[in-house]
Each structure stands twice: as structure tokens, then as C-alpha cells.
Protein chains: 2
Amino acid sequence: MIEIEARKEAASRTARLDAVFAALADPTRRAIIERLSRSEARVTEVAEPFHMSLNAVSKHIRVLEASGVVERRRKGRDHILSINSHSLDEVDGWIGRTRRYWGERLDAMERLLRELKKDHKLGPKDRKHGSR
Amino acid sequence: MIEIEARKEAASRTARLDAVFAALADPTRRAIIERLSRSEARVTEVAEPFHMSLNAVSKHIRVLEASGVVERRRKGRDHILSINSHSLDEVDGWIGRTRRYWGERLDAMERLLRELKKDHKLGPKDRKHGSR
């Protein structure tokens, strides 16, 4: 039972990562996120700076809502959009872990390189002072 | 001239962000990146753990190469794949900046909340000690 639950959780985490990365793969959607990261706003306010129809912007907003990055609430006749502040935690976590991996590899290579350089420097010196 | 160059640079940065985020929006491609972040590997080694044809994995690898995340070099008859260690810097930077924005907003709200709570606590105390 626990294994099934764990697998379900992993599958939905995978689906969320897919959806958030796909949502971020578009300049209009990233600009909408940047706008909303400053303050919540009405749909019409969000759409205003873009040179496209309200309908086209609305489609992008729906992709962002489906990914969980953007939330919508009603306030009278207005639709207010805001950022779900935890929605980027998982993608940030994935990138961080993956970069740490290869960062560690690069660090290890750098250490090796420094060791090699040190040995190279010691080599000629040692010879100068008469050791073989 | 400088403005045109700056605009070109911004456009290519946008295109790179689009390509990297789209490349990351697939579980097989993320698994390939995780594999290569541990060590470089031959195409066949990378493909081995996946339950799909070599051709299907190759398509994913080509998407990763086009995004700049994965690099390929020839070593005799082998094709060696490795991670371009700087390829995630830009997407990481974008996420970091955007989260910082709304993190600051959340911090400001938290401070306001603490102030309000403090005022609330002081209120009854003041009354206890005889002030109106």
C-alpha cells in the first residue's frame, strides 16, 4: 500500500514538473509570471502590455493555471490572478540537485587539476635542490 | 548599433530559455540529464535503462543537444555525451530572480503580520496596567 502511494506521489510530482517546465517554455508566459510576481492583478491588467488579443493572452493564462503556477479568484466581476508562491519550489529543487551533482564533479576535477599543477611545480624545484 | 546588439542578445537569451525549459518538460529527458550529471556516457549507455527504442531515446538526445544542455563528441566509433555545465545557469537565474521578487513580497507581508500581532498583544497589556 505504502509503495503504491509512493509511486502515485512520484508520478504526480513528475506530471507537475512536466507541466511547470512546459509552462515556462514561452516568453509571454514568463512575462506574465514576472508581472504577477510583483503584485496580483486583474486579467485585463495582465493582458494590457502584450501586443496580442485578450483571447490569446487568456490561453496562456489557462496554461499557467493548469500548471499550478498561477491562481485565479473572483472579486465581484473581476478575475484576480496571483502567483502560487510554492509552485516553483519543485522545479527549483530539481535544477538545484542536478547542478549540485555536476558541480561536485567539476570541483573534484578542479582539485585534481590543482594537485597536478602543484606536483608539476614541485617537480623542477626538487630537481634544482638536488633530489632525483 | 549597441541597441541592436543588445536586442539581438536579449532575443537569443529568450530563445535559449524557451529551448531549455521545453527540453526539461519531459521525464525521459530529465532522467538523461540526471544520468549525465553523474558522468559522461556513450549514447548506448544512456539509452540502456529506458524501456524504449534506441531511436526514441536518440530523438530526446537531439532535443537536449539543440537546447545546449547536452554536448556530443566523437571518440573513435563512439559518441560520448556530456552535460554543458553552464546550460542551466540562465534558467536557474530566471527562476531565482522571479522567486526573489515574490519572496520579498511574502517577507513584507510577514513583517506586517508580525507588527499587527505585536500591536494586538500590546493592546490588552496596556489596558491591564490601567491605560485606557
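Structure summary
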quantity	calculated
Which listed residue is open to solvent by less than 80 Å² (accessible area, probe 1.4 Å), within 27 Å of residue A:19 (Cβ to Cβ), among the basic types (Lys, Arg) and modelled with pLDDT under 90, from B:38, B:99	B:99
Matching option when the condition is within 14 Å of chain B (Cβ to nearest Cβ) and either within 25 Å of residue B:12 (Cα to Cα) or over 19 Å from the mean Cα position of the chain (by Cα) (or both), among A:64, A:54	A:64
In segment A:21-43, the residues that are over 20 Å from residue A:73 (Cα atoms) and among the β-branched types (Val, Ile, Thr)	A:28
Pairs where the first residue, in segment A:8-30, is facing chain B (nearest Cβ under 7 Å) and more than 28 Å from residue A:43 (Cα to Cα) and the second is assigned to a helix (DSSP H, G or I) and not polar (S, T, N, Q), C-beta under 7 Å, 6+ apart	A:14/B:27
Of all residues making up segment B:80-91, the number that are open to solvent by 20 Å² or more (accessible area, probe 1.4 Å) and farther than 17 Å from residue B:38 by Cα	2
Flag if residue B:56 is at pLDDT 95 or above and in contact with a helix residue (DSSP H, G or I) (Cβ under 7 Å, 6 or more places away or on another chain)	no
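The values are calculated or read from the model by the stated rules, or taken from the named source; none is laboratory data. This one's a predicted model, so the numbers in the text were calculated from it and none came from an experiment. Because the Cβ atoms are built from the backbone with ideal geometry, glycine has one as well, and the counts that use them run over all protein chains shown. When the accessible area is computed, the model is the full protein with side chains, heavy atoms only, and any ligands, DNA or RNA have been set aside. Shrake-Rupley method; radii C 1.70, N 1.55, O 1.52, S 1.80 Å.
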